[in-house]
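Shown next, in structure tokens, is the structure this report addresses.
Here, each number is a calculation from the coordinates, and none is a lab measurement. Bear in mind the structure is a predicted one, so any value in this text is a computation, not a measurement. All Cβ positions, even for glycine, are placed from backbone atoms using ideal geometry, and neighbour counts span all protein chains on display.
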């Protein structure tokens, strides 16, 4: 047996051994990234007056008025993560939450891109990466998408 064949055999073994963990990994990814946004949405709802002030004075959302941006942003932070938790319309929810994440970075760029805010920006990058993983691989077997019998939308994990 050649070295290449041995490596291929080891790689195949490693892939088979890791396969059962894929759905758990995807579920954990969905839950973690969802919680980050749900928590933010809940905070916005708990003090709506402050939320409106922040959207008027601190967040610079392009195109939208501050009131509409506050409602849309809060709704996105609550709706898309809920879908991700359930694994329902998962890839669409990941795209929607990616848009919320990107808009947050754009709207708060004057702070996130400032020196000393690297960790805060890094969180958005991490969440964006996690959403791309979900978009690429689907929600996994532990999802409503899979229960609905949609292997294409749920990935094959």
remark   = Going from the fewest other Cβ atoms within 10 Å to the most, one would list 23, 143, 117 as 117, 23, 143
ask   = Of 45, 64, 78, which has the largest mean-square fluctuation in a 10 Å C-alpha GNM of the chain?
value = 64
request  = Pull out a ≥ b ≥ c, the square roots of the eigenvalues of the alpha-carbon gyration tensor of the chain, then state rounded if a/c is under 1.5, prolate if not and a/b is larger than b/c, and oblate in the remaining case.
outcome  = prolate
Computed FRET value (nearest 0.05) for residue 53 with residue 110, which takes r as the C-beta separation and R₀ as 25 Å = 0.90
message = Report the gain in length on full extension from residue 3 to residue 142: 0.36 nm times residue separation, minus Cα-Cα distance, nm rounded to one decimal.
response = 46.3 nm
Nearest-ten-degree value, helix 66-86 long axis tilted from longest Cα axis of the chain = 20
ask   = Residue separation times 0.36 nm, minus the C-alpha to C-alpha distance between residue 35 and residue 63: what's the value?
value = 7.3 nm
remark   = The helix 118-137 Cα axis meets the longest alpha-carbon principal axis of the chain at an angle in degrees, between 0 and 90 and rounded to 10, of 50
